Amino acid sequence: MAALTLRINGKDRIADVDPNTPLLWVLRDSLGLVGTKFGCGVSLCGACTVLVNGAPIRACSTPALSLAGQDIRTIEGLAPSDTKLHPLQEAWIEHDVPQCGYCQAGQLMAAAALLERTPKPTDADIDGAMAGHICRCGTYQRIRAAIHTAAGKIAKGGAV
């Protein structure tokens, strides 16, 4: 066990963990950030997706130690404030995307990374960015529509 300092959602957080512990378990078990979900444990489903320096990674298979000094953003840090949702979260609600909701944190984080690097994505851009994110409820068309809606909101000055 070692004290590991990670920068999560703009704040330094200290966890006393084995440095080889996957980030997912540090987030959930040590830091109480339970929005990031465990799905498959082998980086295939996308439920555990978080952003590191703006890029999506799978937290279930990434050792926490490898992320020291990096900027980690989880679903808990997606909204700009406690009273304002991110345009993606608003669009998710507008398009009735969530069904069971289990994959949603990972889907939202991957979509956020996409919109940060491609503000006006095409369907092909969205499909590429969301590939490997499994939605057992099959709301892929709604996800695509919500991403387009969020892109429009952001383009019109929606807070991110």
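Each Lys or Arg adds one and each Asp or Glu takes one away; over the other residues whose Cβ falls under 10 Å from the Cβ of residue 24, this sums to +2.
Pairs of Lys residues in the chain, spaced 8 or more positions apart or belonging to different chains, with C-alpha separations under 18 angstrom: 4 in total. What FRET efficiency do you get for residue 65 and residue 136 if R0 is 25 Å and r is their Cβ-Cβ distance, rounded to the nearest 0.05? The computed FRET efficiency comes out at 0.20. Could you list, by residue number, the cysteines of the chain that have no other cysteine's beta carbon within less than 4.7 Å of their beta carbon? Cysteines lacking a close Cβ partner in the chain: 100, 103, 135, 137. Using θ = phi - 60° in the Karplus curve 6.51 cos²θ - 1.76 cosθ + 1.60, the 3J(HN,Hα) couplings for the range 23-30 round to 3, 3, 6, 5, 4, 6, 8, 9 Hz; x is entered for Gly and Pro. Across the range 38-160, C-alpha contacts under 8 Å between residues 6 or more apart give a mean separation that, scaled by the residue count, equals a relative contact order of 31 percent.
Solvent-accessible surface of the chain, averaged per residue with a 1.4 angstrom probe and all protein chains in place: 49 square angstrom. Dipole magnitude for the range 1-95: about 120 debye, using +1 per Lys or Arg Cβ and -1 per Asp or Glu Cβ, origin at the Cα centre.
Each residue of the range 106-112 was assigned a 3J(HN,Hα) from its phi angle through the Karplus expression (A = 6.51, B = -1.76, C = 1.60, θ = phi - 60°), giving x, 4, 4, 5, 5, 5, 4 Hz with x at Gly and Pro. Shown here for the range 102-160: trypsin sites (Lys or Arg not before Pro) in loop regions (DSSP other than H, G, I, E, B) with at most 13 other Cβ atoms within 10 Å, namely 136, 156. What's the FRET efficiency of residue 9 with residue 156 using the Cβ-Cβ distance as r and R₀ = 25 Å, to the nearest 0.05? The formula returns an efficiency of 0.45 here. Rounded to whole numbers, the Karplus 3J(HN,Hα) couplings from phi for the range 52-65 are 10, 6, x, 9, x, 9, 9, 6, 6, 10, 9, x, 4, 4 Hz, using 6.51 cos²θ - 1.76 cosθ + 1.60 with θ = phi - 60°, and x at Gly and Pro. The charge dipole of the range 37-160, taken about the Cα centre with unit charges on the Cβ atoms of Lys, Arg (+1) and Asp, Glu (-1), comes to about 60 debye, rounded to the nearest 20.
The values are calculated or read from the model by the stated rules, or taken from the named source; none is laboratory data. Predicted model, so just to flag it, every value in this text is computed and none were measured. No Cβ is skipped: glycine too gets one built from the backbone with ideal geometry, and neighbour counts run over all protein chains shown. These area figures cover heavy atoms from the full protein model, side chains too; ligands, DNA and RNA do not enter into them. Shrake-Rupley method; radii C 1.70, N 1.55, O 1.52, S 1.80 Å.
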